[in-house]
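Presented below is the structure to which this report refers.
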């Protein structure tokens with residue numbers, strides 16, 4: 001038996017393909033299923049089962065479409081009540097495969113109410129457990145994504161669930177879906193896979209003595225929840241259409257400026273963005289998490305025009321957007337050379353930033369997450385507002401529009417996003433890049 005893993009860095013997730021005796025099982029696939037089905041075809045595997053651990057909060061699933069394309073059985077948690085044909089997975093009711101392979105569902109609520117892990121048995125021996133968003137490497141899946149009203153109840157269920165998995169033999173491989181980089185983890189998960197024995201030894205959440213302790217630990221400093229998350233679970237429950245075409249028309253600046261119904265997203269490198277962007281642009285430099293940030297800052301699935309340099313991988317950017325069902329991509333602009341650009345800002349390195357704050361007239365805007373400030377430290381006198389909140393709650397009133405402002409996060413990426421909003425409102429902006437607030441901590445103010 002071979003287990004092939006597929007990492008999706010921007011979502012912080014793993015998909016798994018189990019190969020055994022010419023047959024295959026696919027676990028928690030993202031929407032862009034060609035990479036999984038291609039790997040199965042390359043190995044001449046017949047896909048028999050597609051397993052979903054839960055109705056995902058962070059992406060739309062490719063499970064339904066993978067099953068339709070291949071004829072595989074789609075297995076979902078029995079309590080998911082999905083609105084399309086599937087095989088319900090009931091707690092401890094084995095799903096018999098072939099050639100000695102057995103799938104045993106284990107109800108593990110906590111991350112979501114219906115969450116189900118799948119224990120893989122080979123010839124009756126426990127081999128691996130696909131734990132989805134339940135027990136993770138050094139962590140566990142967040143219980144607060146369905147709202148604060150249910151968070152404590154789900155955290156207490158998570159206590160039962162992770163201990164249920166910890167009762168498996170120590171040599172069983174732990175293969176979670178969520179990991180480092182996922183906003184679905186309650187804390188910073190490190191490695192992507194582990195064993196039950198290693199988690200018993202090292203996972204701090206398994207050391208919590210009671211469900212009260214676990215609930216307090218998981219909810220004491222929650223991370224913000226991306227805006228698009230609230231749409232993912234309902235989409236996965238109702239069914240997800242096949243991946244749309246990733247090639248979109250090329251547009252001129254004039255065609256974009258004439259349209260008032262689109263959101264402009266600039267994915268160029270921050271050095272280009274600093275020289276100016278189109279009016280009312282959201283500047284999100286392309287990276288593994290491009291789609292997640294766009295999904296957080298742009299209203300769900302409203303029309304988007306992408307601004308990119310000709311040599312950038314626009315199809316990869318569109319794939320990230322499709323993974324969270326942002327399907328309304330109107331086109332891409334590759335040439336802004338003749339356009340009237342607005343909202344320019346200055347990138348400053350750490351030494352220049354220190355000089356600016358020491359001068360005394362520079363305001364500092366910290367756009368990190370609250371939990372980052374709690375762990376990394378706070379800069380005295382800085383105005384604090386998480387970058388996504390600037391787009392939903394507005395620019396902090398404490399920031400004086402007639403004085404320059406230095407925006408910083410931890411690395412410069414989110415500070416640039418915030419700069420695109422402040423400069424569009426006429427603020428005089430500097431962005432600390434590279435580096436961030438932790439690098440300013442030694443400055444005397």
| Would it be correct to say that residue 404 is touching a strand residue (DSSP E or B) at 6+ places or on another chain (Cβ under 7 Å) and surrounded by fewer than 17 Cβ atoms within 10 Å (Cβ to Cβ)? | yes
| In this structure, is residue 378 in contact (Cβ under 8 Å) with a residue 12 or more places away in the chain and surrounded by fewer than 17 Cβ atoms within 10 Å (Cβ to Cβ)? | yes
| message | Based on this model, can you work out whether residue 88 counts as surrounded by fewer than 17 Cβ atoms within 10 Å (Cβ to Cβ) and either in contact (Cβ under 8 Å) with a residue 40 or more places away in the chain or assigned by TED's automatic domain parsing to the domain that holds residue 163 (or both)? | response | yes
| query | Within region 5-29, which residues are in a loop (DSSP other than H, G, I, E, B), modelled with pLDDT of 95 or more and touching a helix residue (DSSP H, G or I) at 6+ places or on another chain (Cβ under 8 Å)? | reply | 28, 29
| Just one of 78, 66, 96, 89 is in contact with a helix residue (DSSP H, G or I) (Cβ under 7 Å, 6 or more places away or on another chain) and over 19 Å from residue 243 (Cβ atoms); which is it? | 89
| said: Tell me the residue from 325, 320, 312 that is at positive phi, under 28 Å from the mean Cα position of the chain (by Cα), at pLDDT 95 or above and outside the structural domain of residue 421 (by TED's automatic domain parsing), please. | reply: 325
| query | Residues in region 67-84: is at least one within 27 Å of the chain's Cα centre (by Cα), in a loop (DSSP other than H, G, I, E, B) and farther than 25 Å from residue 140 by Cβ? | reply | yes
| message | Need the failing condition index for residue 372 against (1) free of Cβ contacts under 8 Å to residues at least 40 places away in the same chain; (2) surrounded by fewer than 16 Cβ atoms within 10 Å (Cβ to Cβ), just the number. | response | (2)
| field | Subset tally (residues that are at positive phi and under 20 Å from the mean Cα position of the chain (by Cα)) for region 386-433 | value | 1
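The values are calculated or read from the model by the stated rules, or taken from the named source; none is laboratory data. As the structure is a prediction and not an experimental result, all values here were calculated from the model. Neighbour counts are summed over all protein chains in view; Cβ atoms, including those assigned to glycine, are modelled from backbone coordinates with ideal geometry.
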